[in-house]
Amino acid sequence: MSLLVLAVVWQVFSRYILNAPSTFTDELSRFLLIWISLLGAAYYSGKNAHIAFTIFPSWLGPENRRRLNILIHTIVIIFVLCVFVIGGGMLVYYTFTYLQLTPSLQLPMAVVYSIGPISGLLIIYYKLSDILDLFKLDPEKISETKHFDKDEFKGSI
């Protein structure tokens, strides 16, 4: 994140103060934003802080709530495996095979695209860990889907 901020600040400084825009900072900041976004998605997936519908689990009993959570985690694993790991891995492979380079930085595009499979593997790890935790817990102790409490944000604006 710090590198992204520095790249954008340098771009603005070089364009408006030096009147000589930097040629690589636009590309660098774009790629860093992709990396930050996908790593952030993996992080929030690991914290279970993603968007969730909380009304449906509240209607279910503890054992059915456990089954629903396992089903949801399994669907996420299948989606991430297909899109991020397999699809992203194929994209990395093809761009590496064809030696596709970025225009300004002359980096292999495979390096840029490699964050897809990396974040996908992290998400799968977190979801498998969540499933194992669900099997270990007593069904009565499984709470509803985690969500943010509106009282946490009072006074933050």
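With ASN19, ASN48 as the choices, which residue is modelled with pLDDT under 90 and within 27 Å of ILE72 (Cβ to Cβ)?
Exactly one residue qualifies, and that residue is ASN48.
If the Cβ limit is 6 Å and pairs must be 6+ apart or interchain, which residue in segment 61-85 that is over 14 Å from LEU128 (Cβ atoms) and modelled with pLDDT under 90 pairs with which residue that is exposed (fewer than 13 other Cβ atoms within 10 Å of the Cβ) and not β-branched (Val, Ile, Thr)?
PRO62/GLU140
Checking ILE36 against (1) β-branched (Val, Ile, Thr); (2) without any contact (Cβ under 8 Å) to a residue 24 or more places away in the chain; (3) part of a helix (DSSP H, G or I), which single condition isn't satisfied?
Single failed check for ILE36: (2).
Based on what the data block shows, is THR97 closer than 23 Å to GLU27 by Cα and either acidic (Asp, Glu) or at pLDDT 90 or above (or both)?
Answer is yes for this residue.
Of the conditions (1) buried (at least 16 other Cβ atoms within 10 Å of the Cβ); (2) in contact with a Ser or Thr (Cβ under 6 Å, 6 or more places away or on another chain); (3) of a type in the set (S, T, N, Q), ASN69 fails just one. Which one is it?
All conditions are met except number (2).
The values are calculated or read from the model by the stated rules, or taken from the named source; none is laboratory data. Here the structure is a predicted model, which is why all the values come from computation and not from measurement. Virtual Cβ from ideal backbone geometry, glycine too; neighbours counted across all protein chains shown.
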